[in-house]
1. Within the range 226-265, which residues are more than 16 Å from the chain's Cα centre (by Cα) and either at pLDDT 95 or above or in a strand (DSSP E or B) (or both)?
2. (1) part of a helix (DSSP H, G or I); (2) over 17 Å from Leu324 (Cβ atoms); (3) touching a helix residue (DSSP H, G or I) at 6+ places or on another chain (Cβ under 6 Å); (4) modelled with pLDDT of 90 or more: which one isn't true of Gly100, the others all being true?
3. Quick check on this structure: which one of Arg130, Arg136 is among the charged types (D, E, K, R) and touching a strand residue (DSSP E or B) at 6+ places or on another chain (Cβ under 8 Å)?
4. Scanning the range 281-312 for residues that are touching a Pro at 6+ places or on another chain (Cβ under 9 Å) and not β-branched (Val, Ile, Thr), which turns out nearest to Thr87 (Cα to Cα)?
5. Among the residues of the range 7-58, write down those that are more than 15 Å from Ser341 (Cα to Cα), in contact (Cβ under 8 Å) with a residue 24 or more places away in the chain and open to solvent by less than 60 Å² (accessible area, probe 1.4 Å).
6. Could you grab me the full set of residues in the range 295-329 that are assigned to a helix (DSSP H, G or I) and open to solvent by less than 10 Å² (accessible area, probe 1.4 Å)?
7. Return the pairs, sorted by first residue and then second, in which the second residue is hydroxyl-bearing (Ser, Thr, Tyr), the first residue lies in the range 111-135 and is within 24 Å of Ala224 (Cβ to Cβ), the beta carbons are less than 9 Å apart, and the residues are 6+ apart or on different chains.
8. Could you check, for the range 129-136, whether at least one of its residues is open to solvent by less than 80 Å² (accessible area, probe 1.4 Å) and more than 26 Å from the chain's Cα centre (by Cα)?
Amino acid sequence: DGCIRSVVRIRPLLAHEVERGEESCCDVQDEHTCFVRVDGKLRRYSFDGCLANHCTQKQAFQESGITSLLDSSLAGYSATVLAYGQTGSGKTHTMLGKAGMGDFGDTMRGDEARKDDGLLIRSARWLFQRIAADPRGPAYFSVNASFVEIYNAKGAVNECISDLLNPEANNLQLRQGKQGFFVSNVCEVECKNAGHVRSVLEVGVQNRRVAAHALNNDSSRTHALFTLTLSNASQSGGQGCDASMPLAKHQGKITLVDLAGSERLKESLSEGNRLKETQAINKSLFTLGQVISSLAQGKSEKHVPYRNSKLTQILQDSFGGTSLCLMMTCISPSAQFVEESMNSLNYAQKAMNIQNRPVVSIDENQRRASGGDSKLVDSLKAENEALRKELQGYRELLGDTSPRALRLELQRYRQLFSECAPEAPNKELPDRRQTWNGIAATALLPD
């Protein structure tokens, strides 16, 4: 499914919030519904997933749906997971765990799982477990990690991009290629296991910009993007092919984005350079909100302001492009921040209406070398588009998007028509009986 998956996670009240006597204004009703209490009234929101304040890091990984994106990235797709929400809502904890705050614990444990590991390390362990279980063996895969941040440099007019694995490269350039925008000259580290990924994360976190303000003692002052690039090499002829045939390289990747949190100046009390940082953060998040709102309306001819921010340029493929995307919206339950929470939930709902078109990424050098294969690729794309339109027609006709419901609908029509044999010609059928011939002739689903 090309729709952006939207999951909400509500953090528990913090110790100082409990001491002040605050009560939670946000809670989860069921696995797809949460509510916000405003002025004595409840406002309900529905999402692909809702994680309550007692949800553990392990449960967040298991129930967010990220594993399907990880498997797709191994197959050659691009995927993005981003944590969105106001400052102090738990984004860095969800994405990076305690390592995101510089607490690395026992660094000798390397590959082992830790209770506080965030989505990033758990994703790395999942990927390497999948690679180890693949019958072709680990030699057919390569994993490279990179870690950059987008920040507002002192005295700079526009956002800057810094390489967290090479701090001297603090003004990397954003380029545009055939597959969208990318950061040039980024340091990449080859990783053989999840322990290597953990080490890369720890090195990068030490170089990331954080600061304290009235709302958060460890506030991220930058947008951090950790990317795992996955090369999957297989025989171009598939199983049972001649070993001398060339290898087909699929270039998948998954990018985990820890966004800086939005904040109100009157509450964060930021001053001086921190004030400028806050303004820059809010500006880039405002642009991201504009992109989400524009795409959610579904008007392809409408201008989408990707170029108004480097953040949205990098995320162009994730919102309305060819990438799979999971949006983890983190919410503070404090009544003090109810307006910010509702604002985040509104954007999370809009994101669910954005339709991406995921495609497998093939190594460009091999694509050019294959020459005549370009016609086959174009043919497959055209066929895929035709099937999409045909499926959309069935959905509009039958009113339910699930494959199981489509199968049941087809079975019902078959039952009706078998009952209306020539010996019972006068038996009435539902209004949609005239559509049966077309459906039966072209149905793609099994009985």
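1. Listed by number, the residues that qualify are Leu230, Ser231, Asn232, Ala233, Ser234, Gln235, Leu247, Ala248, Lys249, His250, Gln251, Ser262.
2. For Gly100, the failing item is (4).
3. Criteria check complete, one pass: Arg136.
4. Result: Gln290.
5. Hits for the range 7-58 are Glu17, Glu22, Asp48, Gly49, Cys55, Gln57.
6. Leu311, Thr312, Leu315, listed by residue number.
7. Pairs found: Lys115/Thr56; Gly118/Thr92; Gly118/Thr94; Leu119/Ser64; Leu119/Thr94; Ser123/Thr67; Trp126/Thr67; Leu127/Ser73.
8. There is no residue in the range 129-136 that is open to solvent by less than 80 Å² (accessible area, probe 1.4 Å) and more than 26 Å from the chain's Cα centre (by Cα).
The values are calculated or read from the model by the stated rules, or taken from the named source; none is laboratory data. Please read all numbers here as calculations on a predicted model, not as lab measurements. Ideal geometry is used to build each Cβ from the backbone, glycine not excepted, and the neighbour counts take in all protein chains shown. Accessible surface is based on the protein model in full, side chains and every heavy atom, while ligands, DNA and RNA are left aside. Shrake-Rupley method; radii C 1.70, N 1.55, O 1.52, S 1.80 Å.
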